[in-house]
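Here the structure comes first, spelled out in structure tokens, and everything after it is commentary.
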Amino acid sequence: MKRNKQIDIKACILPFLTLYLRYLGLTPSMMGLLMSTKHLISLVWSPLASFLSKHYNKRRAVITGSLVCSAGAALILLLIPSTGVETLTSHCNISHLSVSSTEELSDYVRVVGSVMSTTHTTIVSQSATHESSPTETTIDTVFRCFNEQSHNLHISAATFQQCDFSVVTKKEKQREKDEARLEFLGSLKVMDVQHQLFFMLLIVVSIWELMAAPLEWTVDDGLYEYLDFVDASDRYSSTGVWGLLGAVCGVSGAGLLVSHLDCLIGSHTPREAVHFYSYAAVTTLAVPVVAFLPLYLNKKRSRSPGLFKALQLVRGDLCALLCAATAFLMGLAGSEVDDLLLWQMQEHGSSELHMGLSLAVALLSRAAFPLLSGRVSKLLSPGRVLLVGTVCLALQCLYYSLLWGPWAAIPVQVLSCFSSGALWWAVQVQCEDVTTPGTERSVRRVYQALSLDLGAGLGSMARGFVVHRFGVSVLFRGVAVMLLLWCLFLPLLQWKAPPQRRINYSRLLASDTSEVSESESEQETDWLEKAMEDDEQ
């Protein structure tokens, strides 16, 4: 059987989503509420959609609809204009003008002012009145026009009038565009423009998550039941590694593509829009593949134990509860890293290339942990691995608060091998200790929901207000302190609650056949020996 190679489609856009929201003009508190809503929708809708698609046997239709509709919803985000309060400079190469070129531009402006001071004053006043971005002004256009039509500083009045006419015509068209955008935002006059933008984004992102959330669980259920049907369920664990490798391709490819683009369409289109187009393109290409997915519906398992049974198993084991609390804190801290690390890197001069490479190194490090899990399990118990992983995550957060350059975040991403890979390995081992037949995946999903959705959602909600008041660096330090404090209490709690190992029913069932054969052979040997003794007598 061929292995199931997966490409994480969301990796093309989700790590860079907060950068685009920041460009649109959202405040950190608004962005935190938006991302929190996204996580909480996924927490509720993913299991419900998976159950409905299985109940009505519509998995393939759900997967196809999820791909198509999520691509459309992602492109709708590009139609929403910004508030004009741009909090990051990402317009072409204009935002990367050096100091020397700025001073040169000022010299030319002073020369122009000495030749035609009246007209120059009119242009500058119009630019100051109608332009919100400090880098895109009429002076830039005047400078380019003069640079093309003159080879010295002796500029004729006719040449200047020609340039002035083209500039005014171009600027009149651009005001018209800005007014159309403001009319779109000004349809709701009850609130200011920024709150209008927030509620529009909240609606679009909610629809997008409703469309995209059923994809992962539905594909996962169909694939697992197919592998179980062909007696190859042991290969199911390798799908996670392929998903991480697909995510590496997504973040590195998108970062490399965006970093080499000066502009996509025009001077008012941010480069971050390429992530949305890449997401839509990859999603569209994945639609024909759905017809060949090896999905299978096992009707005999329609009444298999669900998440409620898994919750009862986790609640009944003290070590499992400690592991669940650690997974929750890991999700809370992970949401800060996922949403704000690129902010921090951008403020220190990192481009999309640096960001993509940094995320790729982290994902590769996490994917490499299964190669080390055998040696680590001999040296450390799962509880100790949980502790080491939490310490590594705390050190990463502390390091992120002290960045100093574009490439500074890349070396520490190697610790993701333990802060993410080792943590999830310890969680998986804990799942095996508390599961009963048929509940393995349900227990694992409980931990994932606590981490990726509930912890991340509450973390996003709280972190927006902290960043708004104290900044990103203070938030990372606070998260590091919180994790280190948990590392101090976790060994004590583990000592107070010794592991209560239950019978591993999965391993027991796997070894049942061999045990039966051995017992039968022993009975045959006993019968033969007894018969030989009777003959001797």
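The values are calculated or read from the model by the stated rules, or taken from the named source; none is laboratory data. Bear in mind that the values here come from a model prediction, so they are computed numbers and not experimental data. Quick reminder, even Gly has a Cβ in these numbers, built from the backbone with ideal geometry, and neighbours come from all protein chains shown. We work out accessible area using only protein heavy atoms, side chains counted, and drop any ligands, DNA or RNA first. Shrake-Rupley method; radii C 1.70, N 1.55, O 1.52, S 1.80 Å.
Entry comment: accessible area of region 345-390 is 48 Å² per residue, from protein heavy atoms only and a probe of 1.4 Å.
Give, in nm to one decimal, the length gained when the segment between L285 and E432 is fully stretched (0.36 nm per residue of separation minus the Cα-Cα distance). 49.2 nm is the gain from fully extending L285 to E432.
Shown here for region 301-382: trypsin sites (Lys or Arg not before Pro) in loop regions (DSSP other than H, G, I, E, B) with at most 13 other Cβ atoms within 10 Å, namely R303. When nucleic acids and ligands are ignored and a 1.4 Å probe is applied, W242 ends up with an accessible area of around 60 Å². With the cut-off at 28 Å, tell me which of the pairs K38/K496; K309/K496; K378/K496; K38/K378; K10/K378 have Cα atoms farther apart than that. Pairs exceeding 28 Å: K38/K496; K38/K378; K10/K378.
Residues within the reach of a label modelled at L485 (point 7 angstrom out along Cα to beta-carbon, backbone nitrogen below 19 Å), restricted to region 361-388, are 387.
Taking each residue as 0.36 nm, the span from S373 to F470 lengthens on full extension beyond its C-alpha to C-alpha distance by 31.0 nm. About its Cα centre, region 306-428 has a charge dipole of approximately 640 debye under the convention of +1 per Lys or Arg Cβ and -1 per Asp or Glu Cβ, with nothing else charged. Once both labels are positioned 7 Å from their Cα atoms along Cα-to-Cβ, the gap between A61 and W495 label points is 5.9 nm.
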